[in-house]
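What follows is a short report on a single structure.
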Amino acid sequence: MSSNKKRKLTDEGRIFNEKWTAEYFFIEMKNVALCLICKETISIFKDYNLRRHYLQKHATKMDCYQVSSLIAKKSKPFIDGEFIKECLESVADVMCPDKKTDFSKISLSHQIISRRIDDIEISIENKLEEKVRSFKYYSLAIDESTGVIDTVQVAIFVRGIATDGAPAMVGKKEGLTKLIEDHAVLVGNKGLIRYHCIVHQENLCAKALKMDNIMQIVIKCVTFIRARGLNHRQFQDYLQIMEADSGDVVYFSEVRWLSRDKMLKRFYDLRNEIKSFMESKGKPVIEFEDENWLMDLAFFVYITTHLNELNVRLQGKNQLISNMFQIITPFELKLKLWQSQVKVNDFMYFPTLAKYNPKNSEKYASLILILINEFETRFQDFRKNSQIFAIFATPFSVDIPAVETKLGLIARARTLFYFEVTRGFIYYQNIKIAAIFMYI
């Protein structure tokens, strides 16, 4: 008699492969593979089983999903699906006539496209909800926007904390963040940390430096040059004749934060050419003859460039809030250094301004002080949790007694063993042992 026991499926340790979602439109739901199209389930996690189901029942239908997905991503009209089908049939007739029947079976009417896009939306939403339920630590990025048909929409991202400060988002009584905070307290979560978008905060700090005497003249000149096609063409031709380093001036848009630096820098580089062109058009700008105004322009160009560089560093993917705050803190120290040096007429860090040998250094020191005060005010809520940030940024220098008990244990562990921190998780000898801070 054979002593071999019958193999059980539970002994095989099969796990769901995430690539099957993209290839066969299956997701894992309650330990079974669920088809997102027909809602049928397959209990055995095998590539062969899922692929067979997909090819036998949905292969043609999936072509429709692929086209529907592209139409939605490119914001094309749903009726374009019928035109795409005609194109596919025409290509198939030439390239692979034996497959033309398969292309003809694909239904791409606007009704079908609409339903497929709804299916994709529901699938994405369900998958996101399932993923969120497994999070132990997370944060939300919430924003309000208006669609092309003036429909108010709320966008929620499970990532970093970011809003534009709209009352609907951050109102003290009825704002969305307040409602989330109240609900968190009801379910026993008192550790919710709420921050205003750190990138937007930095931009608001930059706006505090109001130098309207510069911006009004610069915008006036740029608008005169670019608003009329004739002026714009003549100015570009003039720059070519003068062999200028830059070929044109650029517009400034209030909603495009980084455009102010580009406009100011280009204006400053072409200041002599702009002066001559405006005079040739009978629109002389008297400020070009004012050395104090030119010094203000040089200062404003330099400080705006540094503020923009800071803003760019705060953007991008995989930015932990502790890392972002570490970028802000050195910049604040840099501002204080600049102010102390400018006070004593040392313009080493302002080379464009130093060329004019300014006498009124107190004026520029006071402008830098405005920025210092603005940064201190707007980022004071971040400083309240600086010890929490320090655990993940500089764990070996953190003041352990000043940290909460749970976080203090992590800090102590870091002083005894070597741990690798990767994307919000702590690893020891390639084993994930803890999730840290927030899932962002």
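Pairs from the list 207/363; 262/384; 283/363 with a Cα-Cα gap above 28 Å: 262/384; 283/363.
In this structure the amide hydrogen of residue 346, modeled in the peptide plane, comes within under 5 Å of no amide hydrogen from residues 5 or more places off or on another chain. Converting the Cα gyration tensor eigenvalues of the stretch 60-133 into ellipsoid dimensions via √(5λ) gives semi-axes, longest first, of 28, 13, 9 Å.
For residue 285, the solvent-accessible surface with a 1.4 Å probe is about 20 Å², rounded to the nearest 10. Residues 270, 230, 186, sorted by accessible area with the largest first, give 186, 230, 270 [1.4 Å probe; ligands and nucleic acids excluded].
Cross-link partners of residue 359 among aspartates and glutamates, defined as those whose alpha carbon lies under 19 angstrom from its own and excluding same-chain residues fewer than eight positions apart: 287, 289, 290, 291, 296, 346. Using R₀ = 56 Å, calculate the FRET efficiency as 1/(1 + (r/R₀)^6) where r is the Cβ-Cβ separation of residue 119 and residue 385; round to 0.05. With a Förster radius of 56 Å, E is 0.85.
Here the extension length gained between residue 362 and residue 109 equals 84.0 nm, from 0.36 nm per residue of separation less the Cα-Cα distance. Sequence-ordered 3J(HN,Hα) estimates for the stretch 112-119 from the Karplus curve with 6.51, -1.76 and 1.60 and θ = phi - 60° stand at 5, 4, 4, 5, 5, 5, 4, 4 Hz, glycine and proline given as x.
Rounded to the nearest 20 Debye, what is the dipole magnitude of the stretch 13-54 about its Cα centre when Lys and Arg each give +1 and Asp and Glu each give -1 at the C-beta?
My answer is approximately 120 debye.
Taking only protein heavy atoms and a 1.4 Å probe, the accessible area of the stretch 201-389 is 50% carbon and sulfur. Ordering 297, 217, 388 by the projection of their Cα atoms onto the charge dipole of the stretch 201-389, which places +1 on the Cβ of Lys and Arg and -1 on the Cβ of Asp and Glu, puts 388 at the extreme positive end. Taking 7 Å steps out from each Cα toward its Cβ at residue 216 and residue 48 produces label points 8.0 nm apart. Shown are 301, 250, whose ranking by accessible area with a 1.4 Å probe and every protein chain present, most to least, is 250, 301.
Computed from the C-beta positions of residue 369 and residue 237, the FRET efficiency with R₀ = 45 Å rounds to 0.50.
Stretched out straight at 0.36 nm per residue, the stretch from residue 80 to residue 154 would grow longer than its current Cα-Cα span by 23.8 nm.
Normalised per residue, the accessible area of the stretch 13-54 is 60 Å², obtained with a 1.4 Å probe and no contribution from ligands, DNA or RNA.
For the stretch 13-54, the share of accessible area belonging to carbon and sulfur comes to 49 percent (1.4 Å probe, ligands and nucleic acids excluded).
Taking the Cα centre of the stretch 60-133 as origin and assigning +1 to Lys and Arg Cβ atoms and -1 to Asp and Glu Cβ atoms, the resulting dipole is close to 180 debye. As a calculated quantity, the FRET efficiency between residue 22 and residue 207 at R0 = 60 Å, using C-beta atoms, amounts to about 0.85.
Here the gap between residue 291 and residue 355, fully extended at 0.36 nm per residue and compared with their Cα-Cα distance, gives a gain of 21.9 nm.
The order of 115, 226 by accessible area, most exposed first and with a 1.4 Å probe, is 115, 226.
The values are calculated or read from the model by the stated rules, or taken from the named source; none is laboratory data. Source: prediction; values computed, not measured. FYI the Cβ positions are ideal-geometry reconstructions off the backbone, even for glycines, and counts take in every protein chain you see. The accessibility values were calculated without ligands, DNA or RNA, using every heavy atom of the protein model including side chains. Shrake-Rupley method; radii C 1.70, N 1.55, O 1.52, S 1.80 Å.
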